[in-house]
Amino acid sequence: MTWKAAGSLDGGPAIDLGCGSGAQTLALVRLGSPAVIAVDTSRRLLDELVTYAQDSAVVRAVHGDLRTVLPEAAEPGMVAAVVCMGDTLPHLPAKADVPVLLGHISRALASGGHLVVTYRDLTVELRGTDRFIPVIVHDLLHTRTNGSWQQQTSSYSKLRIASSWLVEQCRAAGLDVRHDAADARGMRICTP
Ligand SMILES: C[S@@+](CC[C@H](N)C(=O)[O-])C[C@H]1O[C@@H](n2cnc3c(N)ncnc32)[C@H](O)[C@@H]1O
């Protein structure tokens, strides 16, 4: 990340939406953010993050829903950066949640503040092994206890978010998109 060159993280808090175990939270700390609010619905992942960030006084782990947390967690116009990365956005229950969230982000960001969204666009034509990326995701977990294997299964659906649609929604929320591209592994990076 090269935000120091593009602008400053010194001004206000940064917010990591769907932080998981904190890969981006810790990057924001290293970039010099004076406060990082890390939000996730998973207590287990937040506990992991707290362990990794125990040397940092600037991280606040918040157990909450990224769809509603911003108006509660931050003063309007005071946030230096919001990240929602690692394919978190398609985890939202409904596509209609996306424009609402972008509205919250737009109100929270300071003038010149940063937003980074990374996600998979599952609407594009898929080729090769990518064809098998499902939109209903099934997790199969095998655990071995006392010599016998046990299988746990779970599944969840993912939103199909077209990159052109997301850019449109950002603009409608007053966020001027400066960069919208896919990386080598097909992850879209959208940075208003
Ligand atoms: C694919 S993981 C990405 C985690 C992290 N950003 C990373 O890149 O390693 C998605 C995360 O979003 C969280 N999540 C999903 N829906 C959420 C919601 N409505 N509010 C807060 N967190 C949510 C999940 O618990 C999970 O930790």
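The values are calculated or read from the model by the stated rules, or taken from the named source; none is laboratory data. Just so you know, these numbers come straight off a predicted model, no measurement behind them. Counting neighbours? That spans all protein chains shown, and the Cβs are built from the backbone with ideal geometry, glycine included.
Before moving on, here are some points about what is shown:
- Any pair with Cβ under 8 angstrom, 6 or more apart, that starts in segment 83-99 at a residue that is under 26 Å from Ala27 (Cα atoms) and among the hydroxyl-bearing types (Ser, Thr, Tyr) and ends at one that is near the ligand (Cβ under 8 Å from one of its atoms) and not in a helix (DSSP H, G or I): Thr88/Leu17; Thr88/Gly18; Thr88/Gly20; Thr88/Leu66
- Flag if Val82 is surrounded by 17 or more Cβ atoms within 10 Å (Cβ to Cβ) and either hydrophobic (A, V, I, L, M, F, W, C) or modelled with pLDDT of 95 or more (or both): yes
- Qualifying residue in segment 154-172 (condition: surrounded by 14 or more Cβ atoms within 10 Å (Cβ to Cβ), among the charged types (D, E, K, R) and modelled with pLDDT of 95 or more): no
- Qualifying residues in segment 7-26 (those that are in contact with a Ser or Thr (Cβ under 9 Å, 6 or more places away or on another chain) and of a type in the set (A, V, I, L, M)) - the one modelled with the lowest pLDDT: Leu9
- Hey, Arg60 basic (Lys, Arg), without any contact (Cβ under 8 Å) to a residue 60 or more places away in the chain and in contact with a strand residue (DSSP E or B) (Cβ under 8 Å, 6 or more places away or on another chain) or not: yes
- Flag if Ala94 is hydrophobic (A, V, I, L, M, F, W, C), under 16 Å from the mean Cα position of the chain (by Cα) and either modelled with pLDDT under 95 or surrounded by fewer than 19 Cβ atoms within 10 Å (Cβ to Cβ) (or both): yes
- The residue list Pro99, Pro76, Pro71 contains one member that is within 18 Å of Arg188 (Cα to Cα) and either more than 11 Å from the chain's Cα centre (by Cα) or polar (S, T, N, Q) (or both), which is Pro99.
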